[in-house]
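Since the structure comes first, as structure tokens, the remarks are kept for the end.
The values are calculated or read from the model by the stated rules, or taken from the named source; none is laboratory data. Fair warning: this is a prediction, and the values are worked out from it, not measured in the lab. All Cβ positions, even for glycine, are placed from backbone atoms using ideal geometry, and neighbour counts span all protein chains on display. Please note that ligands, DNA and RNA were not included when accessible areas were found on the heavy atoms of the full protein model with its side chains. Shrake-Rupley method; radii C 1.70, N 1.55, O 1.52, S 1.80 Å.
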Amino acid sequence: MRVFVPGDSAAISVGADEVATAIAQLDSTVEIIRNGSRGALWLETLVEVQTPSGRIAFGPVTPADVQSLFDADFLNGGAHPLSLGKTEEIEWLSSQERVTFARVGIIDPLSLEDYRAHGGLIGLRKALKLSHEVIINEVTESGLRGRGGAGFPAGIKWRTVAQSFGEQKYICCNADEGDSGTFADRMLIEGDPFTLIEGMTIAGIAVGATKGIVYIRSEYPYAIATLRKAIEIARTSDWLGSRVLGTTHAFDIEVRVGAGSYVCGEETAMLESIEGKRGVVRAKPPLPAVEGLFGQPTVINNVLTLSTVPMIMAEGATAYKSRGVGRSLGTQIFQLAGNIARGGIVERSFGISLNELVNTYGGGTLSGRPFRAVQIGGPLGAYFSSAQIETAMDYESLIAAGGMLGHGGVVVFDDTVDLAQQAKFAMEFCAIESCGKCTPCRIGSTRGAETIDLIIKGVRVDENKKLLLDLCEVMTDGSLCAMGGLTPLPVKSAMINFPTDFDGVRK
Amino acid sequence: MKFSPWSQDAALTLLATLRDENGPVLMALQLMQEEFGYVDQACVALIANYFNKSRAEVHGVLTFYHDLRTTPPTSHQISICAAEACQAVGARNLEREIKAKFNDEVQSAYCFGNCALGPAVMVDGKLIGRATVEKIEKALQ
């Protein structure tokens with residue numbers, strides 16, 4: 001009898017380990033698989049039972065529910081108040097378009113056998129038979145853009161690295177997922193790490209790199225452990241090493257762990273950090289694709305970008321780009337977070353409305369109070385008001401609406417939020433996390449927080465608002481990277497979309 | 001969490017495992033903290049000598065990263081996520097409550113990637129979702 005109890009850290013944070021232990025104690029013959037999370041995080045711990053007619057889900061299960069599950073004969077899909085029926089028929093999941101997240105929550109993350117049985121390694125096997133030019137063309141043709149936030153076409157980046165000369169090229173995976181409201185990188189690594197390894201291997205073959213490095217944040221201890229185990233498994237099979245799947249290609253991956261610095265998610269600061277230095281941003285040019293890690297040509301892609309490549313190689317660029325709108329092709333992994341009733345991972349084609357995400361999937365606020373604001377794209381993303389709920393979620397539409405998609409995080413706030421406080425926090429966060437290299441970011445952030453504080457206290461409000469907008473302009477135009485350059489985005493969008501919060505009147 | 005008492009010999013043995021690494025300084029500092037619970041002041045010169053770097057370089061790295069600490073931990077380690085998604089579900093109030101209630105070291109962190117089940121708190125490396133004072137109390141036992 002197979003029972004699935006997620007080993008994802010979000011599930012563990014609400015008692016999945018204790019649920020697994022309780023099940024094992026009541027029936028030691030049950031085979032418990034610690035799968036990734038299906039992404040419906042409000043249903044965690046989501047326990048699934050393998051039955052002849054498919055997987056039956058129960059959730060949210062607490063350790064105290066386990067006895068009653070056994071009493072209801074849940075191992076044979078017995079009726080129970082927590083029963084959700086067949087997992088594949090839960091509408092929240094079945095209405096999604098799982099492409100990058102196709103296997104997450106379904107397979108045992110560390111079973112290579114499971115991985116192969118669910119379409120794993122097809123993309124890599126195909127790539128190994130192709131010239132690097134053809135692989136790069138396929139990725140370019142798919143329209144895949146960088147999922148870390150910048151949205152740069154992946155194929156063009158790869159071509160630059162392929163055409164650059166270097167003794168040791170690198171594939172660097174940016175797993176420094178520091179944006180609040182985002183957790184897709186973490187869930188993918190914890191739930192299907194081989195996909196990332198496969199994507200990196202394909203990238204290595206495409207550009208002629210034999211070394212891969214995953215830079216992963218220290219705040220993700222569970223993901224680090226899973227990824228390290230997966231790499232070890234790939235090394236002891238015939239995958240990673242001097243002969244990738246028996247070919248003459250060599251590729252290996254190393255994990256480097258961050259040390260609690262947000263700015264190290266910026267690609268050049270990340271390179272400095274991997275080199276063991278202070279995570280100080282580099283001036284560009286030279287682009288990392290030409291002169292990156294240790295001065296060598298380097299592909300830097302986000303976890304989700306690299307993890308989408310195996311599917312593109314397996315099913316072809318045409319299949320991928322048939323989804324999405326305009327220049328935002330394929331699917332996006334949206335992350336519903338904050339004050340939301342049904343939070344988690346929603347993978348859908350680009351172009352879905354904010355309304356569908358927040359209300360249809362999210363079910364409104366967790367507190368039950370009216371929804372007032374949503375921050376899209378992490379701490380450097382804009383705050384939108386409920387009046388903008390019909391905004392389409394793709395790169396271009398969000399820019400047109402005065403925001404950005406970023407890494408796809410959607411953080412919901414109810415009507416108790418004070419946007420002046422949120423704007424002040426944006427500046428304070430920048431002050432804490434600034435690498436200190438450029439003046440607008442290092443000093444502007446502190447001055448910005450002070451100025452917003454004066455506005456909140458009602459001191460010379462109009463004058464200070466003007467000053468704040470001027471400061472935002474300096475930071476936007478004068479900062480070296482997105483840290484200082486985009487901190488004005490949440491600040492200004494809060495001022496524009498929630499003007500009454502900045503009138504200096506105490507509420 | 002159990003840490004070894006500071007020992008220069010043990011430190012040197014650990015540093016030897018990084019001999020062939022490219023760009024080893026941050027890894028070396030992290031390794032020291034993993035073993036001893038903090039980075040002893042003696043590590044700066046030790047690492048500088050071992051990897052042929054200046055002490056200024058090592059000091060620079062040590063003081064840049066929020067994770068690295070130069071004093072031994074004296075209590076349980078509580079980290080509360082102070083970022084937006086957790087703010088949206090009351091992290092600011094929870095932080096005040098925790099600081100008032102527990103004598104342990106409480107730090108602000110920025111995101112554990114548990115943003116749909118906030119507030120998120122980490123107690124001695126264990127992640128707690130939908131955190132409350134009661135849940136933290138239980139984790140500390």
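Summary table below
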read-out: Residue-normalised accessible area of segment B:6-62, expressed per residue, 1.4 Å probe, Å²; value: 49
read-out: Average beta carbon contacts from partner chains per residue of A:339-352, 10 Å cutoff; value: 2
read-out: Cα gyration tensor shape of segment A:112-321, rounded if a/c is under 1.5, else prolate or oblate by comparing a/b with b/c; value: rounded
read-out: Chain B: proportion of alpha-carbon pairs further apart than 22 angstrom, %; value: 47
read-out: Chain A - percent relative contact order, Cα under 8 Å, separation 6 or more; value: 13
read-out: Packing-based order for B:83-89, A:246-252, A:37-43, A:74-80, using average beta carbon neighbours within 10 Å, highest first; value: B:83-89, A:37-43, A:74-80, A:246-252
read-out: Residue-span extension gain [A:Glu450 to A:Ala24] - 0.36 nm each, minus C-alpha spacing; value: 147.9 nm
read-out: Computed label-point distance, nm, for sites B:Leu12 and B:Arg69 using a 7 Å Cα→Cβ extension; value: 2.8
read-out: Tensor-based shape of chain A (alpha-carbon gyration tensor, a/c under 1.5 rounded, otherwise prolate or oblate); value: oblate
read-out: Projected-area average for segment A:2-94 over all orientations - Cα convex hull basis, square nanometres; value: 5.2
read-out: A:Ala79 paired with A:Asp477, simple spin-label distance in nm, labels 7 Å along Cα-to-beta-carbon; value: 7.0
read-out: Over 29 Å between alpha carbons, listed pairs A:Lys169/B:Lys53; A:Lys169/A:Lys229; A:Lys437/A:Lys466; A:Lys277/B:Lys135; A:Lys321/A:Lys492; value: A:Lys277/B:Lys135; A:Lys321/A:Lys492
read-out: Span-like helix ranges in chain A, DSSP H, alpha carbon extent 20 angstrom or more, Kyte mean at least 1.0; value: A:193-207
read-out: For segment A:210-220, Karplus couplings with θ = phi - 60° (6.51, -1.76, 1.60), whole Hz, Gly/Pro x; value: 10, 10, x, 10, 9, 9, 10, 6, 5, 6, 10
read-out: Residue mean of other protein chain beta carbons inside 10 Å, B:89-101; value: 1
read-out: Computed FRET value (nearest 0.05) for B:Lys2 with A:His118, which takes r as the C-beta separation and R₀ as 45 Å; value: 0.65
read-out: Antiparallel bridge percentage (DSSP; both residues within chain A; nearest 5); value: 55
read-out: Inter-label distance for A:Arg243 and B:Ser108, nm, one decimal - labels placed 7 Å from Cα along Cα-to-Cβ; value: 5.5
read-out: Formal net charge of residues neighbouring A:Met404 (Cβ-Cβ distance under 12 Å; K, R +1; D, E -1); value: -3
read-out: Heavy-atom accessible surface of the protein assembly as shown: percent carbon and sulfur, 1.4 Å; value: 52
read-out: Centroid-to-centroid separation of segment A:259-336 and segment A:428-506 [C-alpha atoms, Å]; value: 28
read-out: Backbone N within segment A:44-69 under 15 Å of label point (7 Å from A:Ser95 Cα along the Cβ vector); value: none
read-out: Amide H within-cut-off set for A:Gly241, under 5 Å, with H built and near neighbours excluded; value: A:Phe251, A:Asp252
read-out: Cβ-placed point charges (K, R +1; D, E -1), dipole of segment A:112-321 about Cα centre in debye, nearest 20; value: 320
read-out: Packing rank of A:279-292, A:413-426, where each peptide gets the mean count of other beta carbons within 10 Å, highest leading; value: A:413-426, A:279-292
read-out: Relative contact order [Cα under 8 Å, 6+ residues apart], segment A:123-194, whole percent; value: 17
read-out: Solvent-accessible area buried by B and A, counting both chains, probe 1.4 angstrom, square angstrom; value: 3700
read-out: Sequence ranges B:106-113, B:93-100, A:299-306, ranked by mean other-Cβ count within 10 angstrom, highest first; value: A:299-306, B:106-113, B:93-100
read-out: For A:228-241, mean number of other protein chain Cβ atoms within 10 Å; value: 0
